[in-house]
């Protein structure tokens with residue numbers, strides 16, 4: 001299963017999905033903020049989930065880094081409050 005966590009922020013939703021589902025899930029972590037995306041990638045080292053994550057820079061309105069048929073599910077936590 002591949003999950004796209006759009007506007008991931010600190011990665012809470014994506015990391016929790018890995019925790020709950022286990023080794024069978026891959027998570028595409030996306031965010032518009034490059035520094036926040038780097039921070040989240042560094043955070044993935046701690047819970048040892050880095051191998052299950054791919055990090056994609058982009059906004060919810062421009063997900064060119066993700067193919068249309070590349071994901072099985074998508075999540076957004078509080079993204080809509082910040083998207084312009």
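The values are calculated or read from the model by the stated rules, or taken from the named source; none is laboratory data. The structure displayed is predicted, hence computed values, not measured ones. Cβ atoms come from the backbone with ideal geometry, glycine included; neighbour counts cover every protein chain shown.
Being modelled with pLDDT of 95 or more, within 12 Å of the chain's Cα centre (by Cα) and surrounded by fewer than 17 Cβ atoms within 10 Å (Cβ to Cβ) is the requirement here; does residue 2 meet it?
Details: modelled with pLDDT of 95 or more: yes; within 12 Å of the chain's Cα centre (by Cα): yes; surrounded by fewer than 17 Cβ atoms within 10 Å (Cβ to Cβ): yes.
In short, yes.
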Seminar exercise, completed: Conditions (1) surrounded by 10 or more Cβ atoms within 10 Å (Cβ to Cβ); (2) modelled with pLDDT of 85 or more -> residue 45 fails only (1)
